[in-house]
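First the structure, in the form of structure tokens, and then the observations on it.
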Amino acid sequence: MKNKKLLLVLIAIMMLSFSACGKKEEAEEPKENTEVAEQKENEETTENDEEAEEQLQVVPDFELKLLDGTTANLYDYKDKIIFLNFWATWCGPCKYEMPDIQKLSEEFGDRVQFLAINAGEDEETVKRFMEENEFDFTVALDEKNETPFMVQGLPTTIILNSNYEMVTSVVGLPQRVEPYEYYSSIFESMLENE
């Protein structure tokens with residue numbers, strides 16, 4: 001239980017500064033999702049872990065078209081941790097973390113569902129990018145911003161537990177540590193506690 005609280009505190013500290021892409025042509029100051037910040041504050045002040053778990057925000061189901069032409073609902077991914085990554089091919093930090101996401105999906109793919117959600121680009125552009133870079137994790141197309149998330153910058157990564165509760169959210173790249181190291185430590189901790 002102390003490890004869980006320590007992990008939450010470490011995540012909160014690491015999220016104090018971000019780097020992210022804003023709109024396509026202009027940089028935007030990175031922002032932390034206020035709901036996630038309030039949730040973390042509540043979790044840190046909670047007396048016991050059971051109360052903290054009750055405060056996690058359950059994400060509603062949504063459907064998106066996948067790059068392979070099929071559709072998927074969030075709730076199709078049962079009994080797995082879910083890694084949602086909002087990105088675009090023109091976003092430098094997004095491109096930087098893609099090899100780490102590929103490596104994470106190869107290592108944790110049997111226990112974590114990876115869903116890279118492209119923000120607003122056409123299918124052909126996204127397919128070409130994935131093929132040229134030999135990435136094979138699941139990609140969804142969100143051309144019309146149809147998810148329940150208010151993404152403030154790219155990349156934005158949201159991790160859900162197997163009950164579809166938002167555990168953490170990162171706008172931009174993790175600071176002071178490579179994306180692979182940051183996310184793998186979160187997965188390991190979550191898998192240990194499930």
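The values are calculated or read from the model by the stated rules, or taken from the named source; none is laboratory data. Not measured: the values here are computed from a predicted model. Cβ placement follows ideal geometry from the backbone for every residue including glycine, while neighbour counts extend to all protein chains displayed.
Points to keep in mind about this one:
- Screening the stretch 119-143 for residues that are within 20 Å of VAL171 (Cα to Cα) and free of Cβ contacts under 8 Å to residues at least 40 places away in the same chain and picking the one that is surrounded by the most Cβ atoms within 10 Å (Cβ to Cβ) gives ALA119.
- Just one residue in the set LEU141, LEU115, LEU104, LEU154 is within 21 Å of GLN57 (Cα to Cα) and not charged (D, E, K, R); that residue is LEU115.
- Residue match in the stretch 100-116 (condition: among the small types (Gly, Ala, Ser), closer than 18 Å to THR71 by Cβ and not in a helix (DSSP H, G or I)): yes
A quick yes/no check of all residues on (1) at pLDDT below 95; (2) over 27 Å from PHE187 (Cα atoms); (3) assigned to a helix (DSSP H, G or I):
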site: GLU124; (1), (2), (3): no, yes, yes
site: LYS127; (1), (2), (3): no, yes, yes
site: MET130; (1), (2), (3): no, no, yes
site: PHE135; (1), (2), (3): no, no, no
site: LEU141; (1), (2), (3): no, no, no
site: LYS144; (1), (2), (3): yes, yes, no
site: PHE149; (1), (2), (3): yes, no, no
site: GLN152; (1), (2), (3): yes, no, no
site: ILE159; (1), (2), (3): no, no, no
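- Candidates GLU188, GLU194, filtered to the one that is charged (D, E, K, R) and more than 19 Å from GLN57 (Cβ to Cβ): GLU188
- Scan of the stretch 87-127 for residues that are within 19 Å of ALA72 (Cβ to Cβ) and basic (Lys, Arg), ordered by number: ARG111, LYS127
- Any hit, the stretch 148-158, residues being in contact (Cβ under 8 Å) with a residue 40 or more places away in the chain, exposed (fewer than 15 other Cβ atoms within 10 Å of the Cβ) and within 19 Å of TYR75 (Cβ to Cβ): yes
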